[in-house]
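Novice: Take a look at this one; I'll ask things after.
Any read-out appearing in this document is the output of simple, stated calculations on the displayed coordinates, not a laboratory observation. A quick note: this is a predicted structure, and the numbers were derived from the prediction, not measured. Cβ sites come from the backbone with ideal geometry, for glycine too, and all protein chains shown count toward neighbours.
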Amino acid sequence: KRFGANELVTSLMLNYVVGYFVLYVFSNIVRDPSQNTQMSYPLPDGVNLGSMFTLGRTNIHWGMVIGLLLSVVAYLVMFKTKWGYSLRATGLNEKFAKYTGLDTAKVVLMAQVIGTGVAGLGGAVEMLGNHRTFKWATSQHYGFDGVILAALSRNNPRYVPFAAFFLAYIRIGADMVNLTSDVPAEIISVVQATIILLIAAKSFLSKWKQREIVKATVELSKGEN
C-alpha cells in the first residue's frame, strides 16, 4: 500500500518468486536421488484423500467435497459476517471504506493471509488427491486460473464451483477436439480471452452508463434552474 502497487499484480508476480523457491527446496532437499528424473520421495501408503467413485477414466476424490464446502464457508464469511462486509466494501471502493473508518490496510493484509492459506490447501488437495510424488518442474498456472474464475463468478464464492466446472468443460472439450480433428488445443486460450473481454466490457459499459445517467441528471437539474 505504501508504494501504491496493485495487490493482484504483486501477488501474481510473487508466484514466480515462491515457485523458484519451491523448486530450490525440491531439487536440494526433498528430491529422491534414486530416481533418474526429478521427483520427491513418494508419499507413505494411505496418505491420500481417497476415491469417492470413478467416472469413466476419471477418479473423483474427496477433494471435490472439500472445494464445495470451502465455497460455502467463503460465501458465509463474505456475505454474512461483519468482516466480510468490510472486505467487500474495501474491494468495491477503498477510498470510501477508509472514509467510513475501516482499516483498509488491515483488511487487505488479512485477505492476503487467508487467501494464501486457501491456496496452500488447494495445493495439498491437488497433491494428495491425484499424485504420490511431487514432480512439477514448471508452474501449473493455477493462480491465473483463479483470476479467470473470480471474473466468471463476479467475485461471489457461491458461483465459483459453476465457473470451475465450466472452465474445466471447455478445456477438456478443447483437448478432445484437438485429438479428433485438426483444430489446435490453443483455441481454448482464445475462448478464455473472449470470455474475459466480454465480462470486462460489461463492467465498463455499466460504469459508462452510470456516468451518462449522472451527467444527464445534472444537465436536467441545471435546465430546470
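Novice: Working only within segment 156-203, note down all residues that are under 20 Å from residue 119 (Cα atoms) and exposed (fewer than 14 other Cβ atoms within 10 Å of the Cβ).
Specialist: Selection gives 162, 165, 168.
Novice: So which residues in segment 119-130 are surrounded by fewer than 14 Cβ atoms within 10 Å (Cβ to Cβ) and aliphatic (A, V, I, L, M), if there are any at all?
Specialist: Listed by number, the list holds a single entry, 124.
Novice: Please verify whether residue 133 is loosely packed, with under 14 Cβ neighbours inside 10 Å and hydroxyl-bearing (Ser, Thr, Tyr), treating the condition exactly as stated.
Specialist: Working: loosely packed, with under 14 Cβ neighbours inside 10 Å: no; hydroxyl-bearing (Ser, Thr, Tyr): yes.
Criteria not met by residue 133.
Novice: Of all residues in segment 30-56, which are free of Cβ contacts under 8 Å to residues at least 12 places away in the same chain and either among the charged types (D, E, K, R) or closer than 18 Å to residue 124 by Cβ (or both)?
Specialist: Pass one, segment 30-56, residues free of Cβ contacts under 8 Å to residues at least 12 places away in the same chain: 31, 33-36, 44-46, 51, 53-56.
Result: 31, 44, 45, 46, 51.
Novice: Is there a residue being farther than 30 Å from residue 36 by Cα, in contact with a helix residue (DSSP H, G or I) (Cβ under 8 Å, 6 or more places away or on another chain) and not in a helix (DSSP H, G or I) anywhere in segment 168-176?
Specialist: No, the conditions are met nowhere in segment 168-176.
Novice: Just to be sure I understand, how many residues within segment 1-53 are assigned to a helix (DSSP H, G or I) and more than 30 Å from residue 105 (Cα to Cα)?
Specialist: Restricting attention to segment 1-53, the residues satisfying the condition of being assigned to a helix (DSSP H, G or I) are 7-28.
Pick out the ones that are also more than 30 Å from residue 105 (Cα to Cα) and you get 23-28.
Result for segment 1-53: 6.
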